Structures are given as structure tokens and as C-alpha cells.
Amino acid sequence: MSPGKTYTLITGASGGIGFELAVLMASKGHHLILTARSEEKLTNIARQLAKNHNIEAISIPADLSVEKERTQLINTIREKKLHIEILVNNAGFGDLGPFETSNWDKNHQMIDLNITALAHLTREFLPDMRKAKSGKIMNVASVASFMPGPLMSVYYASKAFVLSFGEAIATEIQGSGVTLTTLCPGPVDTGFQKRAEFREPALMKMMKPATATELAEYGYKSMMNGKRLAIHGMMNRFLIFTIRFYPRSFVTRLIMRLHQ
Ligand SMILES: NC(=O)c1ccc[n+]([C@@H]2O[C@H](COP(=O)([O-])OP(=O)(O)OC[C@H]3O[C@@H](n4cnc5c(N)ncnc54)[C@H](OP(=O)(O)O)[C@@H]3O)[C@@H](O)[C@H]2O)c1
């Protein structure tokens, strides 16, 4: 590795928004470290991006919901002396259905991925960025961060953590040369819906989903501009602005209807 070379670590880079961010950032000349569980997919993506864009792209497969695998990822990065200048905490998933009949292991894994892994990687790489007085972190939250989500209760609550955590850290590091952007997408057409076991809920019929490419472009621009909070789309910004004027019990019932 040549001295002074810096890398962008993208979690959940094997598909959806994370993949599109990897493609976009490679086209802008960023060297990449890509992680997700699907080893073969990641290896092929890294090889293609390195070849097409003349960058370095390293794939390190890991199940980030497992502490031991996160530690292995961190150790590999440390052993190879790769300096992370940009961290994109994107990997995450949801699950649709009543909490009382939900699969506990799936909930546990969701909390470990959406919350613990995001906080762990931020804690690991933020001090190096502070020392270098330069760096960027982007955490992928959601419009769901702003309200309780009946029938996706754990997911919405996990995204509320991402928003609260991100805004707090962004304030702690203000003026340090490091910025933290919390990206809040509305519905996006990716593998997310299939994994969450969506079967055409009203929400997906009502709102035209954005594409992962649109989200990647918006997220990248917001992060590079050091924006703290990046809510994608006029409709989503309008929704988040207006719900604060309604009783929370009304909003919560409305979200339940949208998930049915
Ligand atoms: N799509 C939407 O409507 C929407 C809306 C708001 C927010 N978001 C958020 O956007 C982010 C990206 O989601 P997406 O829509 O792009 O979903 P996606 O297409 O399902 O992609 C999720 C990515 O996360 C990886 N991943 C899943 N579990 C993992 C684990 N245990 N360890 C490591 N990597 C894991 C997946 O790869 P492997 O399967 O290979 O591990 C994949 O690369 C998530 O945080 C999601 O909550 C999505």
C-alpha cells in the first residue's frame, strides 16, 4: 500500500444502495473496502470496479451482526494498515409483521446489525479521522427514524437510534474536519422489501419507490458537502415536517395502516 492512500469502507456493498454507492464512489476515484456476507458477489464487484475505474477495491466478507466477524474485519484493515477516510454504515434490514409472533433471532440480528455494528465501526474509525483532522461518515437511517412503526417496530426503533446517535456525534465532532451525515431514504426499490417479507403493503402501492442509484447520488453529494441530515425527496421531507403537528397516537395508527 502506498503511504497516504486512503480508503472508503462501505458496509452492505453487495446489493441495493451500498452497491450503487460503491459504483459511484469508484467512478469518482475513491479506493474501496467492500463488506457484506455474500463473498462471491463482493469479490466480483471489487474486481470489476478496480478494473473499470483504475482504483483499488478490496473485498472483506463478514456477517456484521456477529461481533467476532466485525472484529476480524477491523483486524484485517489494521494489519494491512489501511486508513479509512470515509466510512459508510449502510448494511441493514427490516422485518414486517406483529412483534409478538416475530422471530426473536431475526430481531436480535437486526439490532446487532442496524445498531451495534454501526456504532462499533463508528467508534473504531472515528478516532483515526479525528487524528487526521479529515474524514467523513455516512450512516444510513430512514424516514422510519422519525416515527414509531407498528408491524415493523424493531426496525423503526433501530433507525430512530441511527438518527439520534448520528445527530449527537455530528455535534460532538463539529469543527474537527470530520463530518457525519445521516441519510434518510423513503421507500427504495432494492432487495430490502424481499428480505423484510413485504407483500404489497399499502405503503409500497402509495409511494413510488426511488431507485438505489438516485439514493447513492443524493447520499454521496450530501456526505461530500458535510450535510448532517439528508432526507431524500420532497415528499419525504414534507411528511417528516408535517407529522410533528399531529398527535403521535394518530401518526402511529396511520403507519400501522400503511403496513397492512
Ligand atoms: N430499501 C428501502 O426501502 C430502504 C428505505 C430506508 C432505508 N433503507 C436502509 O438502506 C440500507 C441499505 O438497504 P437496501 O435497501 O440497499 O437493502 P438491500 O438491497 O437488502 O441491501 C442490504 C445490504 O446489506 C447487506 N447485509 C445484510 N445483512 C448483513 C449482515 N448481517 N452483515 C453484513 N452485511 C449485511 C446485504 O448483503 P449480504 O446479503 O451479502 O450480506 C446487502 O449488501 C439499510 O440500512 C436499510 O435499512 C432502505
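The values are calculated or read from the model by the stated rules, or taken from the named source; none is laboratory data. The structure displayed is predicted, hence computed values, not measured ones. In this analysis, Cβ positions are derived from the backbone assuming ideal geometry, glycine residues included, and neighbour counts consider all displayed protein chains.
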I'd like the full set of residues that are under 18 Å from the mean Cα position of the chain (by Cα) and of a type in the set (A, V, I, L, M), limited to segment 148-159. Met152, Val154, Ala157
Here is a check on your reading of the model: is Phe93 assigned to a loop (DSSP other than H, G, I, E, B), out of contact with any strand residue (DSSP E or B) (no Cβ under 6 Å at 6 or more places or on another chain), of a type outside the set (Lys, Arg) and over 20 Å from Leu126 (Cα atoms)? yes
Are there any helices (runs of 4 or more DSSP H) wholly within segment 146-260 with 1 or more residues that are within 30 Å of Lys28 (Cβ to Cβ) and within 16 Å of the ligand (Cβ to nearest atom), and if so which? 153-172, 192-195, 212-224, 234-243
Whether any residue in segment 176-184 is surrounded by fewer than 21 Cβ atoms within 10 Å (Cβ to Cβ), under 29 Å from Leu254 (Cβ atoms) and in contact (Cβ under 8 Å) with a residue 12 or more places away in the chain is what I want to check. no
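Listed here are the residues, each with its yes/no results for (1) buried (at least 22 other Cβ atoms within 10 Å of the Cβ); (2) more than 10 Å from the ligand (Cβ to nearest atom); (3) in a helix (DSSP H, G or I); (4) not small (Gly, Ala, Ser).
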| residue | (1), (2), (3), (4) |
| --- | --- |
| Gly4 | no, yes, no, no |
| Ala13 | yes, no, no, no |
| Ala46 | yes, yes, yes, no |
| Ser65 | no, no, no, no |
Being within 25 Å of Met110 (Cα to Cα), in contact with a helix residue (DSSP H, G or I) (Cβ under 9 Å, 6 or more places away or on another chain), free of Cβ contacts under 8 Å to residues at least 40 places away in the same chain and among the hydroxyl-bearing types (Ser, Thr, Tyr) narrows it down to one residue among Ser158, Ser164; which is it? Ser164
Scan segment 160-185 residue by residue and report those that are more than 19 Å from Thr116 (Cα to Cα) and within 14 Å of the chain's Cα centre (by Cα). Pro185
Run down Ala62, Ala144 and say which single residue is closer than 18 Å to Cys184 by Cβ, among the hydrophobic types (A, V, I, L, M, F, W, C) and within 17 Å of the chain's Cα centre (by Cα). Ala144
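To keep it simple, each residue is scored yes or no on (1) within 20 Å of Gln193 (Cβ to Cβ); (2) in contact with a Ser or Thr (Cβ under 6 Å, 6 or more places away or on another chain); (3) more than 15 Å from the ligand (Cβ to nearest atom).
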| position | (1), (2), (3) |
| --- | --- |
| Ile60 | no, yes, no |
| Asn75 | no, no, yes |
| Ile84 | no, no, yes |
| Leu87 | no, no, no |
| Gly97 | yes, no, yes |
| Asn107 | yes, no, no |
Of the residues that sit in segment 110-145 and are more than 12 Å from the ligand (Cβ to nearest atom) and assigned to a loop (DSSP other than H, G, I, E, B), which one is nearest to Gln193 (Cα to Cα)? Ser134
Picking from Ala230, Ala210, which residue would you name as being within 30 Å of Ser176 (Cα to Cα), buried (at least 16 other Cβ atoms within 10 Å of the Cβ) and without any contact (Cβ under 8 Å) to a residue 60 or more places away in the chain? Ala230
Hey, among Thr179, Thr171, Thr190, which residue is modelled with pLDDT under 95 and polar (S, T, N, Q)? Thr190
Look through Leu42, Leu82, Leu73, Leu34 and report the one residue that is closer than 24 Å to Asp128 by Cβ and either basic (Lys, Arg) or in contact with a helix residue (DSSP H, G or I) (Cβ under 8 Å, 6 or more places away or on another chain) (or both). Leu34
Return the only residue of Ile33, Ile55 being more than 9 Å from the ligand (Cβ to nearest atom), closer than 22 Å to Gly92 by Cα and not in a helix (DSSP H, G or I). Ile33
